[in-house]
Structures are given as C-alpha cells and as structure tokens.
Amino acid sequence: MSAIKDGLSNAKGFGLKYIGAIVGALAFVFVLYHSIFYAEPGYIYHVRTLTGNEEVVSEVGYKFYPFGRYNSWKRAMTVQASQGAVGDSIRAEKDSDNTSASLPPMSIMFLDQVDAHAEATVRFSIPSDQDSFLRLAHEYRSPENLLRTALMPAFKETLQANASLMTAEEYYSGGRTQFNSEFENQMSNGIFLVKRQEVTIRTNKQAKGSANVALGTDQEQYGEDSKTIFQVKKVLGDDGLPKRKPQRFSNFGITVVSALVTDMRPNQKFVERMQLKQKASADRAIAREQRVQEEEQRLLAIARGEREVAERQAQAKVEQIQKTTEAETEKQLAITEAEKLKAQAAISKDTAQINLEKARIEAETKRTLADAEAYQKEVILKADNALAQKLDAEIEIQKLWASAFAKRQVPTNVFGAGSQGGTPVGSDAETKAFMQMLTLDAAKRLSYDRNVGPEK
C-alpha cells in the first residue's frame, strides 16, 4: 500500500510540473504575442512601452515592445476629392492603394459667382525624425485625427480660396495652368490674404446709338464705353511680398509632396452660357474666315484682272516687238537686197564695161584681122589677079551647068526649023549658047573678069 501511495504521489508531482510547464509556455507565447509586431514598409510606428517609454520605429522588420501599445502612421498621406468617393471616408490605418482620405468632388465658387465641382488630390509627407514625429503624435494622437482635423480642412480651405482668385471664364479661357500652380503654391506655403475690389475700366470700343435715323450710319456716341469688374488683389506686406495665412500642419514638419487639380465641372447654366459663347465665337470665327475669304477673293479678282491686263500688255508688247522686228527685218532685207542689186549693178556695169572693152578689143582685133586679111587678099589679088579664086568659081559654075545639062530632059524626036533665025527646038547648040549666056551673066554678077591676064 505504501508503494502505491508513493507512486501516486510521484505521478501527481510529475503532472503538476507538466501543467506548470505548459502554463509557462502559454504565458511566454502570450507575452510574445503582445510584445512583438512587424514593421511594414512605408509606415512609421509610434510605440509606447509598459514602462512609459516612447519610441519611433521606421525600419522594416519585427520589433519588440513589452506589453506596450503602438500606432502605425503612413509616411505619405493622400487627401483626394473624386467622383467615386461617398462621404468623408478615412482609411489612415489601412494599406489602401488609393488614398488615406477620400472626399466627394469639392463645391467651390469662382470670382464671378460661378459654382463648380472640383476634383483634386494632395499628397502629404509626415516627418520621420523622432522629435518632430513625437510632437505630431502627441498633438493629433492618431492618423485619423490628423486627417480629419488638419489635412482635410486645409485641403478644402485652400481649394476654395484658390477658386476666388480668378473667374470661371478666366479658368476656361486659358487659366487652368495658373489655377493649378496657385493651388499647389498655397497648399505648400500658405493661403494668400486678398481683398475684393470693384474697378471701373474703359473699353477701347466706343458704342454708337441708332435712335436718330437722320444721322444714318454716323450716329452719336453714348456712354457705354466703361464697365465695372471685380478684382481680387493680394494684400502686400511691408517687404512688398504677399501676405499669407500659414498652413498649420507645416508647424509639425508635414510637407506637401504634390497638389493636383484633376477635373473641374461648372454648373449647367455656365456650361450653357459657355456653349452659347463658344457658338458665338465659332460663328465669329467663321464670319472672320468668310470675310478673309471674301477679301482674298477680292484680291484674287484684282490680281486676276491685273494678270490679264499684264498678259494683254505683254502680248501687245510681244506683237509690237514682233512687228517691229519684222519691219526692221524687212528693212534690213530691203537694204540688203538694194545693196545686193547695187552690187550686182556695179558688177554688171563693170562686167559690161569689161565686155564692152572686150568687144572693142575683139572688134578692133577683128577689124585688124579683117584689114590684114583684106590686105592679104588685095595683095594676092594684085599678085595673080585672083586667079585661084576665079578658077575655083569657074570650075564650080561649069560643074553646075554640066550637071544641069546632063540632067536635062531631051525629047526623042524634035521638030523644028533647022535654018538660022528659026524657032528654037532645044538642040545642043542652042543649049550650049544658053549656058554660055548664063555663065556670062553669073560672071557679071560676080564682078570678075574671066580673062586671065593683068587687070585693066
């Protein structure tokens, strides 16, 4: 029995030790669970320990805080007014991929009393050094409180103040960049202190009345050459620089990384007015283009007329030059032809002179030759009384008569008287006598003497 009792006591002791170990392990796990956290990238942690110490954790990794508390702050917080946001949604302690605080589009009022809904985004960077961060954490205690009480009100106030610096027409007439630049400037350096003034300015265009019909288009001017506008002027300090209302968050080392105005939607009446203005501007531009076109057409017609006149003048000048050239050519051709004829006449004259001289020489030569030949013949004739010529002539005469006598037609029977002094009957004697008579007659006509001997 004693052995059994000893065994039970030993088992009980062992169980108590085992339970104690388990309880200790659970206590250690509990302590670790409530004293260790993992520092995420992009966050700064405000750690408060059980002993009352404060620490700023900005490095990534597991951190130990024995039975303390910690708050996570994003290094950069974003306040955004966009179409998709509903109410004032704050997600400062959550790892949001968009913003830390989302607002619906902000309602603003331009200088010319035109309201609009603006979408904008501002990104803030909180300080990372221990003193500045602890001062920020002590003041606002949590990121939500910082966003709700400092960053979001500054965002709204600055955006509304920036809208009062210009009119909606100025914004939509090329002032968008200036509006965005002024918004970022005021978010970073403070809001300008301004005062609103009414200013009367005179217009360059003088209006005219049309009540007096007798004046026609020469109407008298009337007083619509001035208008009253509202201007917002920045209040200047003694140093000449604009006075500003500083941003309260800048006192805690918070800086503005970027400030963007992404969209601006004015009210429907202004949109309709701008549409009418746009239409009027488009009509005016079209009318201006038409006027320019008409002017160009007029100038084109003038240029075309001048071109046609110039072409006609050029054509007339060409024809005149052509006619002048042709006349000058004809004149030169006539002069050349006259000179040619003159030269030909001179050549002909010289040729005639030469021919005349040649004919004269030839005539003189012929006369000389004739005189020489006559003299020769005279000498020959004087020498032999032209016996050779006479013999040749006589021979030819006798040949002719002999040939004629031989070819005469003689009848077979001739009847006639045979006595002298009777009727001729064509006998040989009669023919011979007739031939002698013809011979004598030819010699007489030739004027030569048939007798051979010296000339009497």
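Read-outs throughout are calculated quantities, based only on the coordinates presented, and are distinct from any laboratory measurement. These numbers come from a predicted model, not from an experiment. Heads up, the Cβs are rebuilt from the backbone with ideal geometry, glycines too, and the neighbour counts pull from every protein chain shown.
Each residue of segment 187-196 was assigned a 3J(HN,Hα) from its phi angle through the Karplus curve 6.51 cos²θ - 1.76 cosθ + 1.60 (θ = phi - 60°); the sequence is 5, 7, 10, x, 8, 5, 8, 10, 9, 9 Hz, with glycine and proline shown as x.
Residues in segment 357-367 carry Karplus couplings, in order, of 5, 5, 5, 5, 5, 4, 5, 4, 5, 4, 5 Hz; the curve used is 6.51 cos²θ - 1.76 cosθ + 1.60 with θ = phi - 60°, and Gly or Pro positions show x. Between residue 280 and residue 112, the contour length at 0.36 nm per residue exceeds the alpha carbon distance by 58.4 nm. Given 5 Å bins starting at zero, what is the percent of C-alpha pairs of segment 295-384 in each, up to the one with the largest pair distance? Answer for segment 295-384: a P(r) of 4, 10, 7, 7, 7, 6, 6, 6, 5, 5, 5, 4, 4, 4, 3, 3, 3, 2, 2, 2, 1, 1, 1, 1, 0, 0 percent. Electrostatic tally near residue 263: other residues with Cβ closer than 14 Å to its Cβ, Lys and Arg +1, Asp and Glu -1, net +1. For residue 82, nonlocal amide neighbours, meaning residues 5 or more places apart or on other chains whose placed amide H falls under 5 Å from its own, are 103. Peptide packing for 268-276, 110-118 was compared via the average number of neighbouring C-beta atoms within 10 Å per residue; ordered from the highest value, the list is 110-118, 268-276.
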